[in-house]
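Throughout, read-outs are computed from the coordinates displayed, never taken from laboratory work. Keep in mind it's a predicted model, so treat the numbers as computed, not measured. Ideal geometry is used to build each Cβ from the backbone, glycine not excepted, and the neighbour counts take in all protein chains shown.
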Amino acid sequence: MLIVSMGVSVDGFIKDRDGGFDWAPPDEEQFRFHIDQVRELGACLLGRNLYESMVVWETDPAMRAEKDQAEFADVWSAIPKVVFSHALETVEGNARLATGTLAEEVATALAANEKDVEIGGAGLAGQAVELGLVDEFRIFRYPVIVGGGTPLIPPVPDQIDLELIDTKTFNSRVIFERYGRAA
């Protein structure tokens, strides 16, 4: 199953107008939840910006300063990653640059293991949504309206009907919403 999992504002943006998302740091409860979610992944497909923001978990020893951080770094480092970028010539950690189309790389990742595959980065995830490749959306809705910025999902040509699978409200008032494609 291909999953999009992102934090968003109430008005649906993953980054504000200035490209920031400082309104979205997970608290301890939510961070533990993320660790459990990432542990269940078999691979991750990333756009360049997301890769560059996450590679520190594999390359920077300072990210292992606390017990939960070290556990996340271990779990994240173990997952094979495919990075989509026209600008990068090399990648670090447990990653490789994509060589096929998005559809080909998704099919390869899904066939390589029995676990779910996550796709991240607004542009890349948006392309996967447009191609009809995404099976599930896991949204962490933060109690803030940012009024503009990078949307979670770009405009799509056709309506996509979803079914609510699960919700969870964290102590921080962040609401986790899990949706699957409607039958």
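The charge dipole of the stretch 2-181, taken about its Cα centre with unit charges on the Cβ atoms of Lys, Arg (+1), Asp and Glu (-1) only, comes to about 120 debye.
Here the extension length gained between Asp74 and Val56 equals 5.3 nm, from 0.36 nm per residue of separation less the Cα-Cα distance. Exposure here means at most 11 other Cβ atoms within 10 Å; with trypsin sites (Lys or Arg not before Pro) in a DSSP loop as sites, the longest stretch of the chain lacking them is 18-172.
Among Asp116, Asp18, the ranking by other beta carbons within 10 Å of each residue's beta carbon, starting with the fewest, stands as Asp18, Asp116. For the chain, the fraction of C-alpha pairs farther apart than 27 angstrom is 24 percent.
Below 8 Å, C-alpha to C-alpha, sequence gap of six or more: please give me the relative contact order for the stretch 73-113 in percent. Across the stretch 73-113, relative contact order equals 31 percent.
Once C-alpha pairs closer than 8 Å and six or more residues apart are averaged by separation and normalised to the residue number of the stretch 2-181, the relative contact order reads 35 percent. Determine, from the Cβ-Cβ distance of Glu89 and Lys67 and an R0 of 30 Å, the FRET efficiency 1/(1 + (r/R0)^6), rounded to the nearest 0.05. Efficiency at R0 = 30 Å is approximately 0.25. GNM remark for the chain: springs join alpha carbons under 10 Å apart, and the peak mean-square fluctuation among Thr167, Thr101, Thr150 falls on Thr101. Calculated [222 nm] ellipticity per residue, helices only, for the chain: -8500 deg cm²/dmol; basis is -39500 (n - 2.57) per DSSP H run with n ≥ 4, divided by all residues, nearest 500. With both partners inside the chain, how many of the DSSP beta bridges are antiparallel, as a percent to the nearest 5? So the antiparallel bridges in the chain amount to around 40 percent.
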